[in-house]
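Right, one structure below, let's go through it.
The values are calculated or read from the model by the stated rules, or taken from the named source; none is laboratory data. Here the structure is a predicted model, which means the values were calculated and not measured. All Cβ positions, glycine included, derive from the backbone under ideal geometry; neighbour counts span all protein chains shown.
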Amino acid sequence: MTPQKNDQARGISQALAEQNLDVAIENARATFAVVATSIPEPLQEREAHLVNWYNRLKGNPITKLRALYDFMAQIYDSIHKFTPCKKGCISCCHYPVSIREVEIKFIERESGVLRAKNVRSTEDYHGLACPFLRNNSCSIYHARPFVCRRHIAITKTAHWCHPDRANSAKFPLVNFTEVDKVFNAILLESQSSKAWDIRQIFF
Ligand code: SF4
């Protein structure tokens, strides 16, 4: 068998094995244990001091949000080999997507898409497509909200990310506490405490 066929066969058997919930959780736990150590030291160091970095940042909250997103992209680049999150995987675009005022302004500024005149009343959005999902792709990828950037699955495959299966168990997810702290500081600074679902604001 050629190396390419070997990879294909391994991928298929991995996908089949992960249809078992216990296997998927075990895989995610194992990845969780190695993911943090795979981030280059300078990036880990920056993350550890991210609140100090934020305190020295100049500019308005939107500029600061952009700087935070740039940092998150660097982290993501260093761990993408551990995640099944890939272009064309749209499962989490069918989950509730919370969004705050500063993120709405960021989307408006970066994508040119303006919010609707009225805010839609809330409903259960689980399973409903995000309005920015077009042709199985995010149409505002560079401007997408914080939660879309923060949600990083670490199972081997995206099988359990499907909205019908996502609530079957609590899967370990990668999270970065200092990133969260800076995001919360930006919300505070921009007085963006109120949250909506993205589908209430853009439709
Ligand atoms: S903003 Fe983009 S990434 Fe986020 S849920 Fe919508 S389509 Fe998906």
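Can you tell me which of (1) touching a residue at least 40 places away in the same chain (Cβ under 8 Å); (2) among the polar types (S, T, N, Q); (3) surrounded by 13 or more Cβ atoms within 10 Å (Cβ to Cβ) is the one S111 doesn't meet?
The single condition S111 does not satisfy is (1).
Any chance the stretch 124-147 includes a residue that's out of contact with any Ser or Thr (no Cβ under 7 Å at 6 or more places or on another chain) and within 17 Å of I79 (Cα to Cα)?
Among the residues of the stretch 124-147, not one is out of contact with any Ser or Thr (no Cβ under 7 Å at 6 or more places or on another chain) and within 17 Å of I79 (Cα to Cα), which makes the answer no.
Specify the residue that is surrounded by the fewest Cβ atoms within 10 Å (Cβ to Cβ); the eligible residues are those in the stretch 178-203 that are more than 19 Å from T63 (Cβ to Cβ) and among the hydrophobic types (A, V, I, L, M, F, W, C).
Looking at residues that are more than 19 Å from T63 (Cβ to Cβ) and among the hydrophobic types (A, V, I, L, M, F, W, C), I get F203.
Exactly one of these conditions fails for R199: (1) of a type outside the set (F, W, Y); (2) more than 23 Å from A73 (Cα to Cα); (3) assigned to a loop (DSSP other than H, G, I, E, B). Give me its number.
For R199, the exception is condition (3).
Suppose we filter N136, N118, N175 for residues that are exposed (fewer than 12 other Cβ atoms within 10 Å of the Cβ) and modelled with pLDDT of 95 or more; which single one remains?
N118
Could you figure out which of (1) within 16 Å of the ligand (Cβ to nearest atom); (2) hydrophobic (A, V, I, L, M, F, W, C); (3) over 16 Å from the mean Cα position of the chain (by Cα) isn't true of A185?
If we test A185 against (1) within 16 Å of the ligand (Cβ to nearest atom); (2) hydrophobic (A, V, I, L, M, F, W, C); (3) over 16 Å from the mean Cα position of the chain (by Cα), just (1) comes out false.
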